[in-house]
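S.K.: Okay, here's the structure, questions in a sec.
Readers should treat all values here as calculations from the given coordinates under stated rules, not as data from a laboratory. Remember, predicted model here, so these are calculated numbers, not experimental data. Here the Cβ is made from the backbone with ideal geometry for all residues, glycine too, and neighbour counts use every protein chain on show.
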Ligand SMILES: Nc1ncnc2c1ncn2[C@@H]1O[C@H](COP(=O)(O)OP(=O)(O)O)[C@@H](O)[C@H]1O
Ligand SMILES: [Mg+2]
């Protein structure tokens, strides 16, 4: 009964947030609308981070890599080949998936903190390549003047910030819906099982490395698609959009959101990015400090966050956390995924 | 007659300690084989070797006529070697039903082969009756981490059976179970289809005699004796070994 009430309340809040998101561009100014569109893109990257960190048990600091691959692929295609949004999205997702596929051998056999270090290195490497490969990426100047996107063949180009924001909103909503559906299939179930106890999963005959590779590539595709939304939102991209600070903030947002929850990841990532953008204006130079304090507070105030992070960040070979009586909110997060 | 499983000359050393020292073991199709011996005799180590989680320094393991020595636990499970552990291993955040579904997936035969969700559906249909058999229906929707020790043990057995095993490796399955649960376990093992062979590690000799047709006795990493339960019961060698130290 209590679960039912919580579910209702949560559904109500989600509906309110969605309505708020739809009407937002008519309430705030154009500049803020553009920032909101970019925040949506980052929140979608956050979902891919949650998929890896919370669901598959591979904490990552490197989702900026497929995000960047998707953004640059979209920018190049948008400038030279097609202004159709669907085309750009597919190309961006493919680019993100390809980059993720290339890095699969580096990440799927590592565990815990090692994955963090490897993914961090991959993210940094991609930023370096973006800065050096001038002929394609424009180097540190980035790529500007990317034509406005038209969502579909025959539709007009999205000429203002409101329209571009709504486009991003529709794409994010669709992809998040797809992720939620995916998590309810056997793929999602097996990923959660592997997060609980990988050795046990292997003992049942599952090809764990294969599952993790699939999750990694799927998360890469999502981050790549998010990259194309960044291009739509800003019509300009540079390596600065994909730095380590962005990865760290996204992981922070996902931890705040409860790592295994897709909705939590969206909210957490959006919140953290919004706080950063806001603090950037209010307290120039001090944003990292405030976010650091926020992170520490989260870890102490939200036991869910700590517990899950502890389980996730266990050293290689260590047995999975098997609490005799898991905390009640743990259960809530799990129940959430079952719906 | 060749065995379903044939292990020959298995040796496992941990530093200077020989946990297993040239052990041979043969299990026929459908055989109910018990492995007994004092604590530290190497029983769990031998199950680890057969299940693929420990590589022996020497020796070969053949299953169904093929050398499986290089295969890991997952590949062996897909061939039909299923294992339950001395400490019950379940997925704590998944419900009991989901635990069984996950265990069933690798070897399930999809009911609607080309439709999405066919495998999951088939696994799901398998889970209900298995949980029922283990007396877990009432807790089917409870996360496994919340189950009592005995229930987790039974859940793990349901999971092992869900994998359509041809050989079940059971490491002290009665440990920590209540009398009622032990009774249910014995019934269940007695009711297993004849096609399923069982290798049972068990301390309680009453269970060994009730459930097995062949007994192998290990001691200090070596095979001390092998025979029918009656032969073992009356063997002076075994009595001596047990008198020297058994839990
Ligand atoms: N991973 C290990 N490292 C070191 N010694 C081990 C390890 N596993 C088992 N042993 C030792 O090997 C011997 C056999 O252990 P085990 O197979 O667990 O015995 P049993 O199951 O018959 O009680 C014991 O002396 C045990 O201490
Ligand atoms: Mg043992």
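S.K.: For A:187-200, what's the mean count of beta carbons from other chains sitting within 10 Å of each residue's beta carbon? Intermediate values should be presented prior to the final figure.
M.R.: Working: counts 1, 0, 9, 6, 0, 5, 10, 2, 3, 11, 6, 0, 5, 12.
So the per-residue partner count for this stretch is 5.
S.K.: Per residue of chain A, what 222 nm ellipticity follows from adding -39500 (n - 2.57) for every DSSP H run with n ≥ 4, rounded to the nearest 500? Write down the numbers at each step before the final one.
M.R.: Working: 15 runs with 250 residues, N = 339.
Per the formula, -24500 deg cm²/dmol.
S.K.: A further question follows. May I ask for the Rg/Rh ratio of chain B, computed from Cα atoms with Rh as the Kirkwood radius, given to two decimals? Intermediate values should be presented prior to the final figure.
M.R.: Working: Rg = 18.2 Å, Rh = 18.6 Å.
Computed over Cα atoms, the ratio is 0.98.
S.K.: Same structure, new question: How large are Rg and Dmax for the range A:35-242 when only the alpha carbon atoms are used, in Å?
M.R.: Spelled out, the Cα radius of gyration and Dmax of the range A:35-242 are 17.2, 56 Å.
S.K.: Where both partners of a DSSP beta bridge lie in chain B, what percent of those bridges are antiparallel, to the nearest 5? Numbers along the way, then the final one.
M.R.: On the way: 20 of 37 bridges.
The antiparallel proportion sits near 55 percent.
S.K.: State, as an integer percentage, the relative contact order of the range A:94-248 based on alpha-carbon contacts under 8 Å between residues 6 or more apart.
M.R.: Working: 125 pairs, mean separation 72.0, N = 155.
In percent, rounded to a whole number, it is 46.
S.K.: Then there's this: Roughly what % of DSSP beta bridges within the protein assembly as shown run antiparallel, to the nearest 5?
M.R.: 55 percent
S.K.: What's the angle, to the nearest 10 degrees (0 to 90), between helix A:262-282's Cα axis and the longest principal axis of chain A?
M.R.: The answer is roughly 50 degrees.
S.K.: Please sort A:12-18, B:215-221, B:61-67 by packing, taking for each peptide the average over its residues of neighbouring beta carbons within 10 angstrom, highest first. List each step's numbers first, then the result.
M.R.: Numbers: A:12-18: 11.6, B:215-221: 22.4, B:61-67: 15.6.
With the highest mean Cβ count within 10 Å placed first, the list reads B:215-221, B:61-67, A:12-18.
S.K.: Between A:40, A:212, A:106, which gets the highest mean-square fluctuation from a Gaussian network model of chain A, Cα cutoff 10 Å?
M.R.: Looking only at A:40, A:212, A:106, the largest GNM fluctuation is found for A:106.
S.K.: Hey, fewest Cβ within 10 Å first, where do B:189, A:166 land in order? If you can, show how the numbers build up before the last one.
M.R.: Values: B:189 21, A:166 18.
By the 10 Å Cβ count, ascending, the order reads A:166, B:189.
S.K.: Follow-up. Using the Kirkwood radius over C-alpha pairs as Rh, can you work out the diffusion coefficient of the range B:1-44 via Stokes-Einstein at 37 °C, viscosity 0.692 mPa s, in µm² per second?
M.R.: Details: Rh = 11.8 Å.
The estimated diffusion coefficient comes to 278 µm²/s.
S.K.: So, one more: Using only atoms on other chains, find how many Cβ atoms lie within 10 Å of each Cβ of peptide A:205-211 and report the average.
M.R.: Details: counts 17, 7, 5, 2, 1, 1, 0.
The mean count of partner-chain Cβ atoms within 10 Å per residue comes to 5.
S.K.: For a Förster distance of 30 Å, can you work out the FRET efficiency between the beta-carbons of residue A:293 and residue A:244, rounded to the nearest 0.05?
M.R.: Working: r = 19 Å, r/R0 = 0.63.
After rounding, the FRET efficiency stands at 0.95.
S.K.: Hey, rough spin-label estimate for residue A:199 and residue A:31, points 7 angstrom out along Cα→Cβ, what's it come to in nanometres?
M.R.: 5.7 nm
S.K.: Would you mind calculating the relative contact order of the range B:91-164 from Cα pairs under 8 angstrom and at least 6 residues apart, reporting the percent as a whole number?
M.R.: Rounded, it is 47 percent for the range B:91-164.
S.K.: Give the angle, between 0 and 90 degrees and rounded to the nearest 10, that separates the Cα long axis of helix A:2-27 from the longest principal axis of the Cα atoms of chain A.
M.R.: 10 degrees
S.K.: Beyond 17 Å, what share of the Cα-Cα pairs of the range A:203-265 remains, rounded to the nearest whole percent?
M.R.: 60 percent
S.K.: Going by average Cβ neighbours within 10 Å, how do the peptides A:151-157, B:166-172 rank, with the highest at the top?
M.R.: Working: A:151-157: 11.7, B:166-172: 22.4.
Going from most to least packed, we get B:166-172, A:151-157.
S.K.: Shifting gears a bit: Could you work out the mean count of beta carbons from other protein chains within 10 Å of each residue's beta carbon in B:145-154? Display every interim value, and only then the final one.
M.R.: Numbers: counts 10, 6, 0, 1, 1, 0, 0, 1, 0, 0.
Average neighbour count from other chains, rounded to a whole number: 2.
S.K.: Can you give the helix-only mean residue ellipticity at 222 nm for chain B, where every DSSP H stretch with n ≥ 4 adds -39500 (n - 2.57) and the sum goes over all residues, rounded to the nearest 500 deg cm²/dmol? Please list the in-between numbers first.
M.R.: Details: 9 runs with 89 residues, N = 247.
Helix-only estimate at 222 nm: -10500 deg cm²/dmol.
S.K.: Still on this structure: With a ≥ b ≥ c taken as the square roots of the eigenvalues of the C-alpha gyration tensor of the range B:198-247, please select rounded if a/c is under 1.5 and otherwise prolate if a/b is larger than b/c or oblate if it is not?
M.R.: Details: a/c = 1.43, a/b = 1.35, b/c = 1.05.
The shape class here is rounded.
S.K.: Which whole-number percentage describes the relative contact order of chain A, with Cα contacts under 8 Å and a sequence gap of 6 or more? List each step's numbers first, then the result.
M.R.: Numbers: 527 pairs, mean separation 101.8, N = 339.
Here the relative contact order equals 30 percent.
S.K.: Here's a follow-up. Which of B:134, A:58, B:159, A:117 has the fewest other C-beta atoms within 10 Å, and how do the rest follow up to the most?
M.R.: Details: B:134 23, A:58 27, B:159 30, A:117 13.
So the ranking, lowest neighbour count to highest, is A:117, B:134, A:58, B:159.
S.K.: Once Rh is set to the Kirkwood radius over Cα pairs, what Stokes-Einstein translational diffusion coefficient, in µm²/s, holds for the range B:91-164 at a temperature of 10 °C and a viscosity of 1.306 mPa s?
M.R.: Details: Rh = 12.0 Å.
Calculated translational D: 133 µm²/s.
S.K.: Shape call for the protein assembly as shown from the C-alpha gyration tensor, a ≥ b ≥ c root eigenvalues: rounded (a/c under 1.5), prolate (a/b greater than b/c) or oblate? Each step should come with its number before you reach the end.
M.R.: Details: a/c = 2.57, a/b = 2.27, b/c = 1.13.
Because a/c hits 1.5 or more and a/b exceeds b/c, the protein assembly as shown counts as prolate.
S.K.: Another question about this same structure. Among B:232, B:84, B:36, which one moves the most in a GNM of chain B with springs linking Cα atoms closer than 10 Å?
M.R.: Checking each option, the largest mean-square fluctuation is seen for B:232.
S.K.: For the range A:86-200, what does the alpha-carbon gyration tensor say about shape, rounded, prolate or oblate, given a ≥ b ≥ c as the root eigenvalues, a/c under 1.5 as rounded, and a/b over b/c as prolate? Write out the running numbers ahead of the final one.
M.R.: Numbers: a/c = 2.97, a/b = 1.32, b/c = 2.25.
Oblate.
S.K.: If you average the alpha carbon positions of the range A:81-132 and of the range A:156-229, how far apart do those two centres end up, in angstrom?
M.R.: A separation of 14 Å, based on Cα centres.
S.K.: Note the angle between two axes, namely the Cα long axis of helix B:149-162 and the longest principal axis of the Cα atoms of chain B, as a number of degrees from 0 to 90, rounded to the nearest 10.
M.R.: With rounding to tens, the tilt is 80 degrees.
S.K.: Moving on to the next point. For chain A, set up a GNM with springs between Cα atoms under 10 Å and report which of A:63, A:162, A:88 has the largest fluctuation.
M.R.: Residue with maximal mean-square fluctuation among A:63, A:162, A:88: A:162.
S.K.: While we're looking at this one, here's another question. Going by how many other beta carbons lie within 10 Å of each one, how would you line up B:68, B:49, A:149, fewest first?
M.R.: Values: B:68 18, B:49 24, A:149 27.
So the residues, fewest neighbours to most, are B:68, B:49, A:149.
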